[in-house]
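All remarks here apply to the structure that follows.
The values are calculated or read from the model by the stated rules, or taken from the named source; none is laboratory data. Remember, predicted model here, so these are calculated numbers, not experimental data. Neighbour counts run over all protein chains shown; Cβ positions are idealised from the backbone, glycine included.
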Amino acid sequence: MNEKEFFKTLECGIAKLPQAEQAQIFRPCAVNCASEYVLKEMRRQFEECGCSLDAQYKKYGNTEYFYANIIESGHIYEMGYPKCFCPLVASGFVQSAVHCECSRQSIIYVLQNLLPGKDIKVETIETVLSGAPKCKFRVTVECEGVCGR
């Protein structure tokens, strides 16, 4: 079995698991991937913008690597990537949308670090690996009170 066949077999097995178990599998990879640069840069932007996601996304929410739209201030966002940046996808080893759970987990990881104590929900809307032109996630930040509305 070559590497590509191995990854295809792995993808098929992971895809059969419940979403919670997929999340556990991809979480360590997501943390590893996001810890080095992404979290540091997102934290820098977040702090520069007064620790406000709304201000951060207004200023930095449209780059060649990331986009973010405010759906409901302080509460609901749509964010993602204009293309797939996963090195495993670029190498041709992975082809299944099941790997997009890694991206979902990286968004959760970064936001949990920026907003400790907040309940963060991230829903995958579409991804390049599922045939879409870009990766899109819906993020809900649950908070007490009215979330700035």
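Where the second residue is at pLDDT 95 or above and of a type in the set (Phe, Trp, Tyr) and the first is within 16 Å of VAL98 (Cβ to Cβ) and crowded, with 16+ Cβ neighbours inside 10 Å and lies in the range 22-42, which pairs have Cβ atoms under 6 Å and are six or more apart or on separate chains? Qualifying pairs under 6 Å: ALA30/TYR109.
Might you let me know whether the range 108-118 holds any residue that is under 28 Å from CYS12 (Cα atoms), surrounded by fewer than 14 Cβ atoms within 10 Å (Cβ to Cβ) and under 16 Å from the mean Cα position of the chain (by Cα)? No, there is no match, as no residue in the range 108-118 is under 28 Å from CYS12 (Cα atoms), surrounded by fewer than 14 Cβ atoms within 10 Å (Cβ to Cβ) and under 16 Å from the mean Cα position of the chain (by Cα). Selection of the range 48-66 for residues being without any contact (Cβ under 8 Å) to a residue 40 or more places away in the chain and under 17 Å from the mean Cα position of the chain (by Cα) yields GLN56, TYR57, TYR60, GLY61, ASN62, THR63, GLU64, TYR65, PHE66.
For every residue, the table says whether it meets (1) of a type outside the set (Asp, Glu); (2) in a helix (DSSP H, G or I); (3) closer than 30 Å to CYS12 by Cβ.
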| site | (1), (2), (3) |
| --- | --- |
| GLN45 | yes, yes, no |
| CYS51 | yes, no, no |
| ALA55 | yes, yes, no |
| MET79 | yes, no, yes |
| VAL94 | yes, no, yes |
| ILE120 | yes, no, yes |
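Can you confirm whether ALA132 is in a helix (DSSP H, G or I) and either exposed (fewer than 14 other Cβ atoms within 10 Å of the Cβ) or of a type in the set (A, V, I, L, M, F, W, C) (or both)? Criteria not met by ALA132. Tell me whether the range 130-138 contains one or more residues that are under 25 Å from PHE7 (Cβ atoms), small (Gly, Ala, Ser) and touching a strand residue (DSSP E or B) at 6+ places or on another chain (Cβ under 6 Å). Scanning the range 130-138 turns up at least one residue that is under 25 Å from PHE7 (Cβ atoms), small (Gly, Ala, Ser) and touching a strand residue (DSSP E or B) at 6+ places or on another chain (Cβ under 6 Å). Taking the criterion of being loosely packed, with under 13 Cβ neighbours inside 10 Å and part of a helix (DSSP H, G or I), the residues of the range 1-20 that qualify are GLU3, GLU5, PHE6, THR9, CYS12, GLY13, GLN19, ALA20.
Please work out if SER91 is modelled with pLDDT under 95, within 17 Å of LYS136 (Cα to Cα) and surrounded by fewer than 17 Cβ atoms within 10 Å (Cβ to Cβ). Criteria not met by SER91.
With respect to CYS147, determine if the residue is under 12 Å from the mean Cα position of the chain (by Cα), at pLDDT below 95 and assigned to a loop (DSSP other than H, G, I, E, B). Answer is no for this residue.
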